[in-house]
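Below: one structure, written as structure tokens.
The values are calculated or read from the model by the stated rules, or taken from the named source; none is laboratory data. The structure presented is a predicted model; accordingly, all values stated were derived computationally and were not measured. Note that we place each Cβ from the backbone using ideal geometry, even for glycine, and neighbour counts take in every protein chain shown. Accessible surface is based on the protein model in full, side chains and every heavy atom, while ligands, DNA and RNA are left aside. Shrake-Rupley method; radii C 1.70, N 1.55, O 1.52, S 1.80 Å.
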Amino acid sequence: MAETLGVAIIGAGMMGEVHTRAIRLAGATVRGIASSSESRAAEAAERLGIERGYASAQAAIADPSVSVIHVCTPNASHFRLAMAALDAGKHVICEKPLATSARDAEALALAARKSGRIATVPFVYRYHPMVREARALVQDGSVGPLQLMHGSYLQDWLLGADDTNWRIDAALGGASRAFADIGSHWCDLVEWISGERFDSVVASLQTTVAERPAGSVQSFTAAVKGGPTQMVGTEDVAVALLRTKSGVLTTLSVSQVSAGRKNRLWFEIDGAKASLVFDQEDPERLWVGGRDSTRLLVRDPSRGSAEQRRLATLPAGHAQGYAQCFEAFVADTYAVIRGETRDGLPTFDDGWRSARIVDAVLASSKANGWVRIA
Ligand code: SOE
């Protein structure tokens, strides 16, 4: 029997918990967890049933029983921690955005290639079975030459002036918030499905809630009443018009302040033969539009493309969602670490690609014009 992988988690917030569950389901052993202090690490270890709370992130990276480091800390520390883990010879799963600048993301991608280790970024929406189906329909020619791509990624967890989070602070989250946090998922997904590459962008970013409570609160937690406030330096909404290398026009609206939209990643890819629509809040279905009739494909482990069937781990009608995507992503990362092959694993190269798009979006919004994506 293959030896189980020893894994350490750095970061004990919401994503640290999501990673912990996925690691366990993938059959690896969580050796320990590190947090912003030794006492927080001990508290997280107790809460999550992990054997050890490390004194520091460095202690996690130095643990000889660990071969994979999961970096789940605020964005500004991704570069330092992922680089230290690669330098120590570990495989790395680093939360997105991989880094807060394209330059740092590039350094990480190059270091990962040089190290020969597996280094991945959780662009997990690639793991919805119906997303795999959409990609297969583009690849087998059912969609035809692309005419237009469009969509949005909308949330509402930062709608109120009392809502806050560490991400609003550029020093922790990076210069872009909504676009780097969720627009990045949309761009990764649509490029990956369509096989197109965005070549240039004109974008506009806006902060619609100027002031929010100060302090570092977990994502998706209740609003904070009273107390000191801080000016917000990062965008709540973003709109981008993109053009791909082959000339396909694409529009994207991104928001973290759209009432009623919880996690609505939605896209439409319009081809000469068919259009495809996918909605992350209704992920069991894929709408396939035709000129004479339209079809609604339903996730089913016994039907459709090989990749839909591989990732459809529950019977049809037994809803799969975000958690299963995350689990499949972590399981695929570990399979590739074991030397197996998996389609569509998002790597540090994809994280670097995403950082170049984010940098171009920021530059375009500042310059008020078209910018080439490096
Ligand atoms: C918060 O906006 C967030 O948790 C993102 O950081 C994730 O990447 C996205 O999957 C859901 O929303």
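The table below lists the values:
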read-out: Odd one out for ALA178, checked against (1) open to solvent by 20 Å² or more (accessible area, probe 1.4 Å); (2) of a type in the set (A, V, I, L, M); (3) within 10 Å of the ligand (Cβ to nearest atom); value: (1)
read-out: Filter pass, LEU108 being part of a helix (DSSP H, G or I), touching a helix residue (DSSP H, G or I) at 6+ places or on another chain (Cβ under 6 Å) and open to solvent by less than 20 Å² (accessible area, probe 1.4 Å); value: yes
read-out: Any hit, region 143-164, residues being more than 13 Å from the ligand (Cβ to nearest atom) and in a helix (DSSP H, G or I); value: no
read-out: For GLY183: the one exception among (1) within 13 Å of the ligand (Cβ to nearest atom); (2) assigned to a helix (DSSP H, G or I); (3) more than 16 Å from ALA355 (Cα to Cα); value: (3)
read-out: Inter-residue pairs, beta-carbon under 7 Å, first farther than 17 Å from ALA323 by Cβ and in region 1-22, second aromatic (Phe, Trp, Tyr) and at pLDDT 95 or above, 6+ apart; value: LEU5/TYR334
read-out: Residue in region 202-211 that is surrounded by 19 or more Cβ atoms within 10 Å (Cβ to Cβ) and at pLDDT 95 or above present; value: yes
read-out: Out of SER65, SER77, sole residue that is away from the ligand (no atom under 14 Å from the Cβ), of a type in the set (S, T, N, Q), under 21 Å from SER35 (Cβ atoms) and in a helix (DSSP H, G or I); value: SER77
read-out: Strands (runs of 3 or more DSSP E) contained in region 195-265 and holding at least 2 residues within 16 Å of the ligand (Cβ to nearest atom) and touching a residue at least 40 places away in the same chain (Cβ under 8 Å); value: 237-244, 249-255
read-out: Output for region 332-348, where each listed residue is surrounded by fewer than 19 Cβ atoms within 10 Å (Cβ to Cβ) and touching a residue at least 40 places away in the same chain (Cβ under 8 Å); value: VAL336, ILE337, ARG338, GLY344, LEU345
